[in-house]
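Undergrad: I am attaching a structure below and will ask some questions about it afterwards.
Since every read-out is calculated from the coordinates, none of them should be taken as a lab result. Small disclaimer: the values here were computed from a predicted structure and weren't measured. Here the Cβ positions follow ideal geometry from the backbone for every residue, glycine too, while neighbour counts run over all protein chains shown.
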Amino acid sequence: MFLVAIKRSVIFALQSFWRNIWLSLATIFIISLTFLSINFLVIINAISDSAIVAVKDRVDVSVYFKRDVKEDKINEVKNHLETLPQVKEIIYHSPEDNLKEFKAKHENDPVIKETLDELAGNPLGATLIIKAKDLESYPEVLKAIDNPAYSELVEEKNYNDHQLVINRINTIANNIRRGGLVISIIFVIIAALIVFNTVRIAIFTHRNEVGIMKLVGASNWFVRSPFILENIFSGILACLLAIIVTYSFLALLQPHLASFFEGVDFDVTKYFNEHFLIIFGLQLVGITILNIISSSLALGRYLRS
Amino acid sequence: MIRLASVTKKFPPNTVALKNINLHIEPGEFVSIVGQSGSGKTTVVRLLIAEIAPDEGKIIIGGWDITHIRNRQIPLLRRQIGVVFQDFKLLPKKTVFENVAFALQVSGGTKSRINKVVPQVLKIVDLEEKRNRYPHQLSGGERQRVAIARALVHRPKILLADEPTGNLDALNSKDIIDLLIKINEFGTTIVLVTHNKEIVNSLKRRVITLEEGSIIQDQKVGKYII
């Protein structure tokens, strides 16, 4: 008996879906648009997060040593810095490496080239490039370099520039995250209201049918279930449509992002693949719950008599 | 079969639709309830299908006191009373067969029972050949016959007909009344709510006349007096 009722509810839902195809398509379209808006926001968040990570990853502190400082002394500094928990990586550039790099960088500048030729030997010292585990750790790292035991070995360090960049990035990252959260919440509320009203309109157009069903002895459950199921079908199809459109959009977007994030491993399609279940699963669960609530509320007023 | 004891029904703000109505309808009777618009005829029908509850008095149908019927029991009541209305109340997106079958489906009727009973009732109302048509593809008289077929699928002991000929021409009206007489001859109690004088006078059956919510006349073989 119960299984028969469920089977009939499914059949009625499918029948109603098909026989009111234009209304069903309109509902699917609106729910899809809602999903697409949310996915767009997810894309923006993913891009901004990756951009922040990419910029953060490029931040480092370069310590330029005096020309006469021996390599074993620099290794001593390096070893000491490596013991700091804040330090992620230290790269040693020998004076020869630095000269080679400098020459390559200025190969089209005849003045610099001429000056270097006039100088006997290598005018550049060694460099340590230090990467911290996170942006907040740089002040600690810089403080360690200021150690009186090492400070006289150091010719120069790009402390101030990085401090400014670090602060700016942190502010931007926090603002984006905060703004993104607020926009996401507003978006979800608007999306929920749109879907809620779409379902209400769909049920309003069926109000006479609800009355007739009740008249011939249908229980409230029997009246309600096909409508809820029909709206769940619409939600599933809208989710599928949103997946197709989102991935098509990502395929178009990826080449542009690849050139923007040159040198950084960021693939927005891969991001969606990795987070597929959480992104689309949550949307599907959300729309199903929203459909059940809105269908039940919208039907309630027609089920009273 | 049907008993209304001292029933009063009021609607806000201060309309008294029925005043202290006492009514007893025996099994197998064919009763016409007549009266002008606003006399309380439709209120009687709405009370009998538990669409509304009385403010005072008692309503008993087939020994079942439905005065304070619970919401979840209403579907059970409606499966035992057939009802037809002036506006047919058919599901527009379902075929003739599906509309009739629907009344059985809601009560959990098996497929084999549906396939047996629905053709039988469609035969009674002479619509077997139009079983796959949709309501908008039928005439008014045919739509009303679908509604009657649907009302009959549970083999109800009572059939309430609220202005069943209100939207029909004279010829179709006669067909519907003839059909109701035929159903009554099978033993079903018919309660016909109408203000069609010709029909009431031609029936020569019991007539209950309502005026401003009160029964002003109840005749065994009555006539339309208003």
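Undergrad: Which order do the peptides B:13-23, B:77-87 come out in when sorted by mean C-beta neighbours inside 10 angstrom, highest first?
TA: Ranked from most to least packed, the peptides come out as B:77-87, B:13-23.
Undergrad: Same structure, new question: Would you mind giving the mean number of other chain beta-carbons within 10 Å of the Cβ of each residue in B:149-157, as a whole number?
TA: Averaged over the peptide's residues, the number is 1.
Undergrad: Got a sec? Charge dipole of the protein assembly as shown, +1 on Cβ for Lys and Arg, -1 for Asp and Glu; which of A:S94, B:Q105, A:I6 is way out at the positive end?
TA: B:Q105
Undergrad: Reachable aspartates and glutamates from B:K94, Cα under 19 Å, same-chain residues fewer than 8 places away excluded?
TA: A:E209, A:E230, B:D126, B:E128, B:E129, B:E142
Undergrad: Please tell me which of these pairs span more than 19 angstrom C-alpha to C-alpha: B:K19/B:K41; A:K56/A:K103; A:K100/A:K133?
TA: A:K56/A:K103; A:K100/A:K133
Undergrad: Also: Grab the other residues whose beta carbon is less than 14 angstrom from that of B:A17, score K and R as +1, D and E as -1, and report the net.
TA: Local net charge: 0.
Undergrad: Explain nothing, just the number: dipole magnitude of chain A about its Cα centre with +1 on each Lys and Arg Cβ and -1 on each Asp and Glu Cβ, in debye rounded to the nearest 20.
TA: Using Cβ point charges on Lys, Arg, Asp and Glu, chain A gives about 2940 debye.
Undergrad: Could you size up the charge dipole of the protein assembly as shown around its Cα centre, putting +1 on the beta carbon of Lys and Arg and -1 on that of Asp and Glu, and report it in debye to the nearest 20?
TA: 4880
Undergrad: Give the residue from B:I225, B:S37, A:F276 lying farthest towards the positive end of the charge dipole for the protein assembly as shown; charges sit on Cβ (+1 for Lys and Arg, -1 for Asp and Glu) and the dipole is referred to the Cα centre.
TA: Among B:I225, B:S37, A:F276, the one farthest towards the positive end of the dipole of the protein assembly as shown is B:I225.
Undergrad: Given H placed 1.01 Å from N in the peptide plane, which residues other than close sequence neighbours of A:A126 have an amide H under 5 Å from its amide H?
TA: A:F65
Undergrad: Among DSSP beta bridges lying fully in segment B:75-226, give the percent that are antiparallel, nearest 5.
TA: Counting DSSP beta bridges with both partners in segment B:75-226, the antiparallel share is about 35 percent.
Undergrad: Cα-Cα over 31 Å: which of A:K7/B:K182; B:K123/B:K204; B:K10/B:K182; B:K9/B:K116?
TA: Checking Cα-Cα distances, A:K7/B:K182; B:K10/B:K182; B:K9/B:K116 exceed 31 Å.
Undergrad: A further question on this structure: Out of residues 5 or more away from A:K88 or on other chains, whose amide H comes under 5 Å of its own, with H placed 1.01 Å from N in the peptide plane?
TA: For A:K88, whose amide H was placed from the backbone, the distant partners under 5 Å are A:K131, A:A132, A:K133.
Undergrad: Just order A:75-81, B:132-138 by mean Cβ neighbour count inside 10 Å, highest at the front, would you?
TA: In descending order of packing, they fall as A:75-81, B:132-138.
Undergrad: Cut-off is 10 Å between beta-carbons; in what order do A:V245, A:V141, B:V117, B:V146 appear when sorted fewest neighbours first?
TA: Going from least to most buried by this count: A:V245, B:V117, A:V141, B:V146.
Undergrad: Roughly how big is segment A:124-209's charge dipole about its Cα centre, with Cβ charges of +1 (Lys, Arg) and -1 (Asp, Glu), in debye to the nearest 20?
TA: 700
Undergrad: Averaged across orientations, what area in nm² does the convex hull of the alpha carbons in segment B:1-59 project?
TA: 4.1
Undergrad: Find how many whole Å separate the alpha carbon centroid of segment A:7-72 from the alpha carbon centroid of segment A:213-265.
TA: If we compute the Cα centre of each part, the gap is 15 Å.
Undergrad: Mean projection of the alpha-carbon convex hull of segment A:1-118 over all orientations, in nm²?
TA: Its average projected convex-hull area is 17.9 nm².
Undergrad: Taking the Cα centre of each part, how many Å lie between segment B:34-72 and segment B:153-195?
TA: 19
Undergrad: Net charge near A:A132, counting Lys/Arg +1 and Asp/Glu -1 over other residues with Cβ under 10 Å of its Cβ?
TA: -1
Undergrad: Defining a contact as two alpha carbons under 8 Å apart and six or more residues distant in sequence, what relative contact order in percent does chain A show?
TA: 30
Undergrad: Rank A:V223, A:F187, A:A202 by how far each Cα sits towards the positive end of the charge dipole of segment A:166-238 (+1 on Lys, Arg Cβ; -1 on Asp, Glu Cβ) and give me just the farthest.
TA: Projecting each Cα onto the dipole axis, the largest value belongs to A:F187.
Undergrad: For the protein assembly as shown, give the share of DSSP beta bridges that are antiparallel, in percent and rounded to the nearest 5; count only bridges with both residues there.
TA: In the protein assembly as shown, approximately 60 percent of DSSP beta bridges are antiparallel ones.
Undergrad: Per residue of A:75-82, how many C-beta atoms from partner chains lie within 10 Å of its own C-beta, taken as a mean?
TA: 0
Undergrad: Using Cβ contacts closer than 10 Å as the measure, can you line up A:M213, B:M1 from fewest to most?
TA: Final ranking by Cβ density, sparse to dense: B:M1, A:M213.
Undergrad: Largest first and in whole Å, give the semi-axes of the protein assembly as shown's equivalent ellipsoid, each being the square root of 5 times a Cα gyration tensor eigenvalue.
TA: 87, 23, 17
Undergrad: Which whole number gives the average count of other chain Cβ atoms within 10 Å of the Cβ atoms across peptide A:203-212?
TA: 3
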